[in-house]
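Below is one structure, written out as structure tokens, with a few remarks after it.
The values are calculated or read from the model by the stated rules, or taken from the named source; none is laboratory data. Predicted, not measured: the structure shown is a model, and the values here were computed from it. Reconstructed Cβ throughout: ideal geometry from the backbone, glycine too, with neighbour counts over all protein chains shown.
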Amino acid sequence: MKQTTRRTLLLGLASMAIGTTESKRHVSSQEHEISDIQKEQARYLKKHGSERSSLYVSMEDMFNPPNREDYEAKFTESLVPTASSLVPGIVGDAIELNEKINWYFDIIEKNKFDDVTRFGIIKDIGDPPNGRGSRGEAMEKAKAEIQEIDSANNSVQQRAEEYEDTPTQNTKEGLIKALETERETIREIHWVNEWTKIEPNFYEDVTVGDATEGASLVRDNAEVTMEILDAIEIELTEQIERLNSNKFAHLPEMVVLHNKMITDVDLGRAEAILNRFTGDNYNIYVKTSDGELLYVNWVATDSSGKIYDYSLIQKDSADADINLSKSTVESIQNSTNPYDATLEAYDRNKISVSGNGYINSIKYSSVDLLYQAIRSAL
């Protein structure tokens, strides 16, 4: 009996929680699997690009806020979780970012945004009352910079789709060039960065009332944008380096290997129990040792247990949640046999699985029975 059987349904899902990090096992992949992994990596990069596009659109609104009361909730519930999932490097600052952007409703309500926009960028006491980019010009230019990044990102998604359809050296080079263009566009950001340098105290005397608080909030807003863009630049560099060195991100490789390992092997009682869990969707939460959330991946399985879709951010449609720590993820990632390492981690209570909703909570209370049956069948 093969050791890589359909037991990989939940074990493989847990072992895929490394997110955007690089696979340590790319050299061990069989030659006939390479093309499939290349295609999956292209799909992964296209998904990543799509999520970045949503992030950029949200950033555009940061420099042209809509006049609606629900914006604060939309922003804090959408932008920050998306950024945290896409760019693990900034998730440690997720709470800080959330605090910074909670100002949005206040700034719309009190018209402070209009005051600061009208006077533009004032960085020094010697600057004229109407600073650089006054009458909304500096805000419009900052927004245009984000739109330019998004435009470059659209090209990345197109090139990733071409690479997925035809994984050749030419299509790969086209994807690499598009990623480099998006990265360089981020590096050329000027006006967004200028808004991080304004001196709020100098806005007190240039308008009726006190625009100091409004300027502070606008500056914080720009700082959040730059922090996220800096982290995305790092992620893009890693994606480029992986493509140039023929390496793979962990998630797309594990999707391919997981699906290849789903076979019709007779596991006896384990097979019958396993069938209860196939076709479900999962949010995979990776946390610090202190329990703080780092990032989330969502995966969907079909009736055979194979993964047919996944997302870099969590979704409400998950039937169950899989929770594990970053150290557990790294232990699994560095193992020569990630599935055995996952099984051992579950035995040591390093991985937990819980169902969402009444029916799923009952169903997933029997997960221990599944693992015990798998143990006895191997």
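Some values worked out for this structure:
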read-out: Residue ID - surrounded by the most Cβ atoms within 10 Å (Cβ to Cβ), chosen from residues in region 327-345 that are under 25 Å from the mean Cα position of the chain (by Cα) and more than 20 Å from Pro252 (Cα to Cα); value: Ala345
read-out: Condition met for Ile146 (closer than 27 Å to Thr181 by Cα and either modelled with pLDDT under 85 or in the same structural domain as Asp61 (by TED's automatic domain parsing) (or both)); value: yes
read-out: Any hit, region 169-179, residues being part of a helix (DSSP H, G or I) and under 29 Å from Ala222 (Cβ atoms); value: yes
read-out: Scan of region 268-285 for residues that are on the phi > 0 side of the Ramachandran plot and at pLDDT 80 or above, ordered by number; value: Gly279
read-out: Pairs, first assigned by TED's automatic domain parsing to the domain that holds Val192 and under 13 Å from Arg183 (Cα atoms) in region 223-235, second part of a helix (DSSP H, G or I) and charged (D, E, K, R), C-beta under 6 Å, six or more apart; value: Glu233/Arg183
read-out: Region 150-171, subset modelled with pLDDT of 95 or more and of a type in the set (Asp, Glu), residue farthest from the chain's Cα centre (by Cα); value: Glu162
read-out: Residue satisfying all of: in region 302-325; touching a residue at least 12 places away in the same chain (Cβ under 8 Å) and out of contact with any strand residue (DSSP E or B) (no Cβ under 6 Å at 6 or more places or on another chain); nearest to Pro252 (Cα to Cα) among these; value: Leu312
read-out: Within region 287-320, considering residues that are over 13 Å from the mean Cα position of the chain (by Cα), of a type in the set (Gly, Ala, Ser) and in a strand (DSSP E or B), the one farthest from Gly355 (Cα to Cα); value: Ala300
read-out: Check on Glu199, surrounded by fewer than 19 Cβ atoms within 10 Å (Cβ to Cβ), in the same structural domain as Lys47 (by TED's automatic domain parsing) and touching a residue at least 60 places away in the same chain (Cβ under 8 Å); value: yes
read-out: Test: Arg159 is within 24 Å of Asp36 (Cβ to Cβ) and part of a helix (DSSP H, G or I); value: yes
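Condition check ((1) touching a helix residue (DSSP H, G or I) at 6+ places or on another chain (Cβ under 7 Å); (2) in the same structural domain as Ile362 (by TED's automatic domain parsing); (3) modelled with pLDDT of 85 or more; (4) surrounded by fewer than 20 Cβ atoms within 10 Å (Cβ to Cβ)) across all residues:
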position: Asn259; (1), (2), (3), (4): no, yes, no, yes
position: Thr263; (1), (2), (3), (4): no, yes, no, yes
position: Asp266; (1), (2), (3), (4): no, yes, no, yes
position: Ser289; (1), (2), (3), (4): yes, yes, no, yes
position: Tyr295; (1), (2), (3), (4): yes, yes, no, no
position: Ile322; (1), (2), (3), (4): yes, yes, yes, no
